[in-house]
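Novice: Dropping a structure here in structure tokens format, bear with me for questions.
FYI, it's all coordinate maths here, none of it is from the lab. Remember, predicted model here, so these are calculated numbers, not experimental data. Positions of Cβ are backbone-derived with ideal geometry, glycine not excepted, and every protein chain shown enters the neighbour counts.
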Amino acid sequence: MTEQTRDITIESLMSEDRSFPPSEAFRAQANVSSESIYEEAERDLEGYWAKQAEKLDWFRPYDTVLEWNAPYAKWFIGGKLNISYNCLDRHVRNGGGEKIAYYWEAEDGERREISFAQLLEDVCRCANALKELGVRKGDRVAIYLPMILELPVAMLACARLGAPHNVVFGGFSAESLAGRINDSEAKILITADGGIRKGNVVPLKANADDALQSTPSIEHVLLVRRTGEDVPVADGRDIWWHDLVPQQQTECEPEQLDSEDMLYLLYTSGTTAKPKGIVHTTAGYLLGVMTTHEMVFDIKSDDVYWCAADIGWVTGHSYIVYGPLANHTTGVIYEGVPDFPARDRWWEIIERYKVTVLYTAPTAIRAHMKWGTEHAEKHDLSTLRLLGSVGEPINPEAWLWYHKYIGGERCPVVDTWWQTETGAILIAPLPGITSLKPGSATRPLPGVEADVVDEQGNSVPAGGGGYLVLKKPWPSMLRGLYKELERYEETYWSRFPGMYFPGDGAKRGEDGYYWLLGRVDDVMNVSGHRISTMEVESALVSDQRVAEAAVIGQKNDLTGEAIFAFVILRGETEPAPDLGEELRQYVGRKIGAIARPKQIMFTPELPKTRSGKIMRRLLRDIANDRALGDTTTLADSSVVETIRTASAASKSDE
Ligand code: WTA
């Protein structure tokens, strides 16, 4: 039995009733300003999406909007299009070639900007180079690059040829890279000599060379020079980008692809050790990311939009590359970390490019909170008009901090719920009409039918908690797991027959608002009560002295599980002996005695994946004294040791 199928009824104990309606000024200029869009989509789902699909450029119109043989969907059947054409050519043809597509900034301060017309030329050159290396429609191309412009160029070049890309985040190890290459049987690997992070070199080529020891499908490596380091170049196999790409023709006919042709594969972690290859296709995916980008971020033609994620994750695929480019939006790409060379780097970037929309993750927001407001205060952030959050439930305190100190209390904060599997945002506010509530992703977007159900799959009455499910197909949904159809059905569609189960717990209020409670495998069971780890964390971080908290269930003979909290204090606070007790009582007051942590451990760091997610499974292992699982996705493996030592010390103190 997987953790997900544990018998769970989630009790939701915290309430948050602050509400932020849209300002008159925001509403008046918003892309979506009428509630009727929800009814329209509900009345006629296919009609709604057909109308949206008019925003795409088709080589051949589709015949049928949707074919739904649960759990398999096909959208816009018979249509022919090309995503790179939709992201680039059509804007250039419409006279928009001069517009900046990306402002790029290196960690060391180097800057480049690239227009839509130049980006199109670069993409064509890269596509022609890939053709020269033997890439044809349907071939898989692995991409292992840092946050440099060659990354979106390579992705769009693949999309132009109809060769599905498989981007592997630059922080992954050689072994992870090899696993993904082999699973997808990629023919070409595009990588760089190295990446740059906090002033240090990330040895991408060395990792790639290790991986390439066991990847028989790879015929060639296209190698970008980024750091200028001396790296081995294998004769015949490795080709420098600068030796092959620049001299190619600047025109390359886009393939006329089928709506359901595969655009990309992206691997994501599941409950087992083997990552799942999420498959996204062409028309539905593009429509999903384009419409949500336009509606949720209220994108206008003069916006300067910055999604601070890494392109190696789905957020970067959908909301740095495909959605924004399809909408002809100017974006910012920053190569490095937020605190290099100083903690005001992000705010400096916002001031420099006059960023209007910022999209980031709660974990980053909490890091900035921990560092203090003085860094943002040094910069003019007055161009910002909307803020977004994604990746995990945002605790109300982080939301309010973001809203006040970054958004100057004038920018709506859109909390966007979605997954690698969903391709695009599914639950989020429409900022011109939705009243925001800190901590709630608010309502399912038009055309999205969500529900909160109990163990048996029955709708939970308003105010109750349960499992989030999706009851209708949506255009950008995954089309399966690569070469693992059975696993697709089992993972997402077997828990509640006929419904898609994302693995998240949620509560729905009387007002229909959704409150995401985290993954259901992060839910604790204390004395027969099930409590969301996230709720306890949120309570803890609402104490001014707490910067970050991670809560897990620790095995307990008496209560089944006991709440164990790892707590990082803000800079100036000392972990005094009575502070733990104070915080326990505070959580008890905030949520209820049942949610009071049994143990609080102060720690300087938390183990996180490179994408910033706290690795709760590791914390559970530490708290339960089990052997450690795989730590290769950790940002800093020494963190685990630090915590282990602190844990041992705190136990011997007892
Ligand atoms: C979580 C990232 C609460 C959720 C786009 C989901 C969120 C998982 C939110 C997907 C949010 C993402 N509120 N939880 N706004 N956004 N999640 O595949 O548990 O990296 O299932 O996609 O992140 O993570 P993934």
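Novice: Please compute, over every Cα-Cα pair in segment 442-583, the percentage with a separation greater than 21 angstrom.
Specialist: 56 percent
Novice: Please sort 191-197, 161-167, 298-304 by packing, taking for each peptide the average over its residues of neighbouring beta carbons within 10 angstrom, highest first.
Specialist: Numbers: 191-197: 23.7, 161-167: 25.3, 298-304: 17.3.
In decreasing order of mean packing, 191-197, 161-167, 298-304 become 161-167, 191-197, 298-304.
Novice: Hey, another quick one. For the chain, give the share of DSSP beta bridges that are antiparallel, in percent and rounded to the nearest 5; count only bridges with both residues there. Spell out each step's value before the answer.
Specialist: On the way: 57 of 97 bridges.
Here the share of antiparallel DSSP bridges comes out near 60 percent.
Novice: Still on this model: Mind checking the dipole of segment 318-370: about its Cα centre, +1 per Lys or Arg Cβ, -1 per Asp or Glu Cβ, Debye to the nearest 20?
Specialist: The calculated dipole for segment 318-370 is roughly 140 debye.
Novice: Can you give the Kirkwood hydrodynamic radius of segment 29-182 from its Cα pairs, in Å with one decimal?
Specialist: Kirkwood radius, segment 29-182: 18.5 Å.
Novice: Where does segment 55-114 land on Rg/Rh, using Cα atoms and the Kirkwood Rh?
Specialist: Value, to two decimals: 1.23.
Novice: Please tell me which of these pairs span more than 28 angstrom C-alpha to C-alpha: Lys354/Lys404; Lys300/Lys608; Lys198/Lys555; Lys471/Lys555?
Specialist: Lys300/Lys608; Lys198/Lys555; Lys471/Lys555
Novice: Taking a temperature of 20 °C and a viscosity of 1.002 mPa s, what whole-number D in µm²/s does Stokes-Einstein yield for the chain with Rh from Kirkwood over alpha carbon pairs?
Specialist: Here the translational diffusion coefficient equals 84 µm²/s.
Novice: Going highest first, how would you order 201-210, 93-102 by mean Cβ packing within 10 Å? Before the final figure, lay out each step's value.
Specialist: Details: 201-210: 19.9, 93-102: 15.8.
Ranked from most to least packed, the peptides come out as 201-210, 93-102.
Novice: For the pair Glu35 and Ala593, what calculated FRET efficiency results from E = 1/(1 + (r/R0)^6), where r is the Cβ-Cβ distance and R0 = 41 Å, to the nearest 0.05?
Specialist: 0.50
Novice: List the residues, sorted by chain then number, that are 5 or more residues from Val224 or on another chain and whose placed amide H is less than 5 Å from its amide H.
Specialist: Under 5 Å from the amide H of Val224: Thr191, Ala192, Asp193, Trp241.
Novice: At 222 nm, what value in deg cm²/dmol follows for the chain if DSSP H runs of at least 4 each add -39500 (n - 2.57) and the sum is divided by all its residues, to the nearest 500? Numbers along the way, then the final one.
Specialist: Values: 19 runs with 173 residues, N = 654.
Computed mean residue ellipticity for the chain: -7500 deg cm²/dmol.
Novice: Quick query: amide H of Leu517 versus all other amide H atoms, modeled in the peptide plane; which residues come in under 5 Å with a sequence gap of 5 or more or a different chain?
Specialist: For Leu517, whose amide H was placed from the backbone, the distant partners under 5 Å are Gly505, Ala506, Lys507.
Novice: If you don't mind, there's one more thing I want to ask. Where does segment 129-226 land on Rg(C-alpha)/(2.2 N^0.38 Å)? Please list the in-between numbers first.
Specialist: Working: Rg = 12.4 Å, N = 98, 2.2 N^0.38 = 12.6 Å.
My calculation over the Cα atoms of segment 129-226 gives 0.99.
Novice: Only Lys, Arg, Asp and Glu count, each charged at its Cβ (+1, +1, -1, -1), so figure out the dipole size of the chain about its Cα centre, rounded to 20 debye.
Specialist: 280 debye
Novice: Could you work out Rg/(2.2 N^0.38 Å) for segment 330-445, with Rg from alpha carbons only?
Specialist: With N residues counted in segment 330-445, Rg over 2.2 N^0.38 Å equals 1.03.
Novice: Here's something else I'd like to know. Lys/Arg Cβ at +1, Asp/Glu Cβ at -1, dipole of the chain taken about the Cα centre: which of Pro444, Gly323, Leu540 is farthest positive-ward?
Specialist: Projecting each Cα onto the dipole axis, the largest value belongs to Pro444.
Novice: Still on this model: What's the percent breakdown of Cα-Cα distances in segment 439-502 across 5 Å bins, shortest bin first?
Specialist: For segment 439-502, the binned pair fractions read 4, 16, 25, 23, 18, 10, 4, 1, 0 percent.
Novice: Next question, about the same structure. Please list 3J(HN,Hα) in residue order for segment 195-202, calculated via the Karplus relation 6.51 cos²θ - 1.76 cosθ + 1.60 where θ = phi - 60°; whole Hz, with x for glycine and proline.
Specialist: x, 10, 9, 6, x, 9, 8, 9
Novice: What does the extension gain come out to for Thr573 and Asp108, with contour length at 0.36 nm per residue minus their alpha carbon separation? Don't skip to the end; give the middle numbers.
Specialist: Details: separation 465, 0.36 × 465 = 167.40 nm, distance 3.26 nm.
Net length gain for the segment: 164.1 nm.
Novice: If you take the beta carbon distance between Arg27 and Asp380 as r and set R0 to 35 Å, what does 1/(1 + (r/R0)^6) give as a FRET efficiency, to the nearest 0.05?
Specialist: 0.85
Novice: Which FRET efficiency value, to the nearest 0.05, is calculated for Glu42 and Asn94 with the Förster distance at 35 angstrom and r the Cβ-Cβ distance?
Specialist: Efficiency for this residue pair is about 0.60.
Novice: Considering every pair of different Cα atoms, what Kirkwood radius, in Å, is found for segment 180-297?
Specialist: In segment 180-297 this quantity evaluates to 17.3 Å.
Novice: Packing-wise, with mean Cβ within 10 Å as the measure, how do 280-287, 500-507 rank, highest first?
Specialist: Result, highest mean first: 280-287, 500-507.
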